[in-house]
Amino acid sequence: MKILIIGGTRFFGYHLARRFLEDGHDLSFRNSISPFTQRWPFILDVRRAQRDLGYSSTPFKQWMERTVRWFREDYQGGPPPNYKFRGEEIQLIHKYQKAIQSIIGDSQSRRR
């Protein structure tokens, strides 16, 4: 089978490509099909969109407040499918916080 791999040629892509080759597939690689996934020596500038289209961005704090309010007050859908892992995510966060506190506590006690 001919297989085109787009991007992902690092950790996951490497192992996936190796498996495909072992299984006898014909591989082609392409880093990207979009000019926006390449490293370009420029910074996107919104001034033209502001001038020509009347574009204006919302300050982050204001946008976040509106988004959270919408989810709390107006959203009608159910939880996303990956929400079933929420409990595990919270446990991981607690483990991470304890580990960080342990590192910070150890480094602070060494300074004394």
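The values are calculated or read from the model by the stated rules, or taken from the named source; none is laboratory data. On a predicted model such as this, the values are computed, not experimentally measured, just so you know. Because the Cβ atoms are built from the backbone with ideal geometry, glycine has one as well, and the counts that use them run over all protein chains shown.
Can you name every residue in the range 7-24 that is among the small types (Gly, Ala, Ser), at pLDDT below 70 and not in a helix (DSSP H, G or I)?
Gly7, Gly8
So for the range 32-51 (the condition being at pLDDT 90 or above, out of contact with any strand residue (DSSP E or B) (no Cβ under 6 Å at 6 or more places or on another chain) and loosely packed, with under 10 Cβ neighbours inside 10 Å), does at least one residue qualify?
Yes - at least one qualifying residue is present in the range 32-51.
Against the condition at pLDDT 90 or above and over 22 Å from the mean Cα position of the chain (by Cα), how does Lys61 come out, does it pass?
Taking the combined requirement at face value, the residue does not satisfy it.
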